[in-house]
Amino acid sequence: MVIKDLARWAHEVKGAVLGPEDERFGNAGKPWNLTVPQRPGAVVVAADVDDVVATVRFAAEQGIQVAPQGTGHGAIDSTDGAILLRTGGLNEISVDPARRRARVGAGARWRDLQEACTPHGLSGLATNVPSAGVTGYTLGGGLGLLARRHGLAAHGLVSAELVTGDGELLRVDAEHHADLWWALRGGGTPPGVVTELEIELAEAPELFAGDLIWPADAAVDLFGAYRSWSSTLPEELTTAIGVHQFPPLPSVPEPIRGQRAVTLTVCFLGTADAARRLLQPMLEVAQPMLDSTRPRTPDDLDLAGVPADGAPVVIRTEILGDLPESALAAVTDLGPQGSPLSVVEFRRLGGALARPADAPAALDRIEGEYFLESVGLIFRPEDVAVLAEEQGRVLAALEPAATGRTLRTFAGAEDRAVDRFFAPDVAARLGGIARRYDPGAVVHDPLDLRSVGADRPA
Ligand SMILES: Cc1cc2nc3c(=O)[nH]c(=O)nc-3n(C[C@H](O)[C@H](O)[C@H](O)COP(=O)(O)OP(=O)(O)OC[C@H]3O[C@@H](n4cnc5c(N)ncnc54)[C@H](O)[C@@H]3O)c2cc1C
């Protein structure tokens, strides 16, 4: 679809306006998740807030949508014909150590925020993927490395600046547009383009984190031990256990290069001595082959080893009430050698995640004991069907413990039904807020929340 008057309007934007004929268009419109083919009508690389306002107003005039995107880690759909608004240029960060808060531009990545926090002994409620954006992660909930102690990242959202679908720049907090503030705290794509977030930071003067790695043949014993061990842990320790297929790359240490192995990922707010004492029961199950656990700083939490510039991933997730012992054999099996299923991981929930938020939030808490994340990599067309089958097999083994819910941050092309993320009353409220702040449906929401409850009177 050709966007009328794009070239005329482009002069009003300080950043770049790229139509399909521009040689930079393909790269500028490519999301981090390379399995999602985005086909926007134009890409705007915003330089500042004025560019965001101008883009939303232009789109409204033209009767087309704007799809805001920081990195594309959370890309879901093709954004067909819309203006893809890349926010990477809005990446200013300022940390206020006395108030334990940061102001973060909409395009900032976790890597940037953690680097700014580290000198102050502070940390954001970060993921272990530093290339992911702070904004999409926080708006969708944000389940991170300090989650059992400090809860969801969305609950640390103090205020935001946002351009509504009408092109109006609003400051949103508990006192101003409180309904929208509630929606920003875990409701996913808002009815506007966020330009800046103000978030709370956690004290992290001492952190101990890393991976313990065992041979795959110890998987069932280790997963069994993890079930009971992880239920005894203090909230300061956030953990996950998984089976990984490591790539045959020279950068991967020799004992696990090209191999399957069990990985226990830990992040502890406290001293190395206390952490090692807590880990001891798992070390007694079997001798790890590798151990990267050590005292770390908040800017040294790249524990997932995910490529910074993109990967062809399909992630399927589920919040579980339990990790049934009867399922352990199935969930520790990554399928035949060469299967595109690369990771099956379980994070222990509970702690602060299970408690209601201190202030109103669209995602109030997580009801469940474990979070399943199965990650596949699609390198060949035939991988698509094989992976769907392998991920389906894992999900089927866990069906008795499935809650039917997952987190909005993990919505994907294969998992985007609104009732997977929100209870009916929450979804209806989000729908009403979307219609109020973006009546013309200018801002693209891949879940189309605004249609929920649209048949009811406002
Ligand atoms: C490898 C990998 C590991 C992950 N690990 C975790 C994890 O540990 N915990 C977790 O909770 N999530 C995790 N996720 C999911 C991740 O949090 C989401 O993909 C999140 O959307 C990333 O944020 P982003 O800003 O980089 O995403 P983007 O793809 O840039 O944005 C995602 C969506 O957020 C909205 N959005 C983004 N910017 C704006 C804006 N300025 N205004 C309005 N709306 C906006 C849009 O709807 C957009 O489509 C992981 C994802 C991947 C690929």
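Which value, in Å² rounded to 10, gives the accessible area of ILE93 with a 1.4 Å probe and all protein chains present?
My reading of the accessible area for ILE93 is about 50 Å².
Once amide H atoms are built 1.01 Å from N in the peptide plane, which residues 5 or more positions from ASP96, or in another chain, come under 5 Å H to H?
Result for ASP96 returns ARG101, ALA102, ARG103.
If you count the DSSP beta bridges with both ends in the stretch 23-168, what percent of them are antiparallel, to the nearest 5?
Within the stretch 23-168, antiparallel bridges account for around 40 percent of the total.
Name the residue farthest towards the positive end of the dipole of the stretch 207-410 from the options LEU323, LEU334, SER292, assuming +1 on Cβ of Lys and Arg, -1 on Cβ of Asp and Glu, about the Cα centre.
Most positive-ward Cα: SER292.
Among LEU222, GLY156, SER251, which residue has its Cα furthest toward the positive end of the charge dipole of the chain, with +1 on Lys/Arg Cβ and -1 on Asp/Glu Cβ?
GLY156
Mind listing the long-range amide H neighbours of ARG296? Cut-off is under 5 Å, sequence gap 5 or more, other chains count too, H placed in the peptide plane at 1.01 Å from N.
LEU207, PHE208, ALA209
If r is the Cβ-Cβ distance from ALA329 to ALA274 and R0 is 35 Å, what FRET efficiency results, to the nearest 0.05?
0.55
Could you state the number of Å between the C-alpha centres of the stretch 138-182 and the stretch 300-349?
28
To the nearest 20 debye, what charge dipole does the stretch 226-331 have about its Cα centre, counting +1 at the Cβ of each Lys and Arg and -1 at the Cβ of each Asp and Glu?
240
If you place +1 on the Cβ of every Lys and Arg, -1 on the Cβ of every Asp and Glu, and leave all else neutral, what size is the dipole of the stretch 207-410 about its Cα centre, to the nearest 20 Debye?
Roughly 120 debye, rounded to the nearest 20.
Using the crude model of +1 on Lys and Arg Cβ and -1 on Asp and Glu Cβ, and no other charge, please compute the dipole size for the stretch 1-109 relative to its Cα centre, in debye to 20.
Computed about the Cα centre, the dipole is about 480 debye.
Tell me, what % of the accessible area of the chain is carbon and sulfur with a 1.4 angstrom probe?
After summing per-atom areas, the C and S share lands at 51 percent.
What is the sum of charges, Lys and Arg at +1 and Asp and Glu at -1, for the other residues whose Cβ falls under 9 Å from the Cβ of ARG111?
Local charge sum for ARG111: -3.
Could you give the angle, 0 to 90 degrees to the nearest 10, between helix 272-283's Cα long axis and the longest principal axis of the Cα atoms of the chain?
Once rounded, one gets 60 degrees.
With axes computed from alpha carbons, what is the tilt in degrees of helix 49-62 against the longest principal axis of the chain, rounded to the nearest 10 within 0 to 90?
On a 0 to 90 degree scale, this one is about 60.
Give the angle, between 0 and 90 degrees and rounded to the nearest 10, that separates the Cα long axis of helix 383-397 from the longest principal axis of the Cα atoms of the chain.
60
Taking the mean number of other Cβ atoms within 10 Å as a proxy for protection, how do you rank 28-37, 318-327 from highest to lowest?
28-37, 318-327
Keeping all protein chains in place, calculate the accessible area per residue for the stretch 1-78 (probe 1.4 angstrom), answer in Å².
48
Any idea how far the Cα center of the stretch 210-280 sits from the one of the stretch 384-444, in Å?
Each part reduced to its Cα centre gives a spacing of 29 Å.
Calculated FRET efficiency, GLU284 and ASP448, Cβ-Cβ r, R0 35 Å, to nearest 0.05?
Calculated value: 0.10.
The values are calculated or read from the model by the stated rules, or taken from the named source; none is laboratory data. Everything numeric here is computed off the predicted structure, so don't read it as measured data. Ideal geometry is used to build each Cβ from the backbone, glycine not excepted, and the neighbour counts take in all protein chains shown. The protein model used for the area step is the full one, side chains on, heavy atoms only, and it has no ligands, DNA or RNA in it. Shrake-Rupley method; radii C 1.70, N 1.55, O 1.52, S 1.80 Å.
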